[in-house]
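Here the structure comes first, spelled out in structure tokens, and everything after it is commentary.
The values are calculated or read from the model by the stated rules, or taken from the named source; none is laboratory data. Quick caveat: nothing in here was measured; it's all calculated off a predicted structure. Note: ideal-geometry Cβ built from the backbone for every residue, glycine included; neighbour counts use all protein chains shown.
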Amino acid sequence: MAAKLKKGDKVIVLAGRDKGKRGEIMKMVPADDKAIVQGINMVKRHTKQSQTSQGGIIAKEALIHVSNLAIEDPKDGSATRVGFKIEKDGSKVRIAKKSGGAI
């Protein structure tokens, strides 16, 4: 499932407290089937001051499971599933199941 979503993809959250929100995948963790999405699943962390960063309460994105994400259809912006198609030149392309357009 993790191979269907990649860093840089625009996704829609399907479940959880951020349901309906949209964001871009900043980092994938394929070993755990999780992703970090920009502005989604925000948590507050109490951090100690270090030489490089200021201490205090910092809001940052937490991991979210890929089963709670759906890729955004490039044609109409709705949630869609991902399929694969082999082109004539032999390359493998991801396509949106809803519209059939290449992602």
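Residues that are surrounded by 10 or more Cβ atoms within 10 Å (Cβ to Cβ), of a type outside the set (Gly, Ala, Ser) and assigned to a loop (DSSP other than H, G, I, E, B) within segment 78-89 comprise just one, Arg81.
Scan segment 55-72 and give yes if some residue there is exposed (fewer than 12 other Cβ atoms within 10 Å of the Cβ) and polar (S, T, N, Q), otherwise no. Yes, segment 55-72 has at least one match.
Results for (1) modelled with pLDDT under 90; (2) out of contact with any strand residue (DSSP E or B) (no Cβ under 6 Å at 6 or more places or on another chain), shown as yes or no for each residue.
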site: Gly55; (1), (2): no, no
site: Ile71; (1), (2): no, no
site: Asp76; (1), (2): no, yes
site: Lys85; (1), (2): no, no
site: Gly90; (1), (2): no, yes
site: Arg94; (1), (2): no, no
site: Ile103; (1), (2): yes, no
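If you check Ala3, Ala15 for being of a type in the set (A, V, I, L, M, F, W, C), in contact (Cβ under 8 Å) with a residue 40 or more places away in the chain and surrounded by fewer than 14 Cβ atoms within 10 Å (Cβ to Cβ), only one passes: Ala15. A single entry from Lys48, Lys75 fulfils the requirement of being exposed (fewer than 14 other Cβ atoms within 10 Å of the Cβ), in contact with a Gly (Cβ under 6 Å, 6 or more places away or on another chain) and either of a type in the set (A, V, I, L, M, F, W, C) or under 23 Å from Val13 (Cα atoms) (or both): Lys75. Report yes if Asp89 is in contact with a Ser or Thr (Cβ under 6 Å, 6 or more places away or on another chain) and farther than 28 Å from Lys44 by Cβ, otherwise no. Here the answer is no, as Asp89 does not meet what is asked.
With a requirement of 2 or more residues that are touching an Asp or Glu at 6+ places or on another chain (Cβ under 7 Å) and either within 25 Å of Arg81 (Cβ to Cβ) or basic (Lys, Arg) (or both), the strands (runs of 3 or more DSSP E) lying completely within segment 1-69 that satisfy it span 10-13, 22-29, 34-37.
Among the residues of segment 47-79, those identified as among the polar types (S, T, N, Q) and more than 13 Å from the chain's Cα centre (by Cα) are Thr47, Gln49, Ser50, Gln51, Thr52, Ser53, Gln54, Ser78.
Residues in segment 19-34 that are in contact (Cβ under 8 Å) with a residue 24 or more places away in the chain, among the charged types (D, E, K, R) and surrounded by 13 or more Cβ atoms within 10 Å (Cβ to Cβ): Arg22, Asp33, Lys34.
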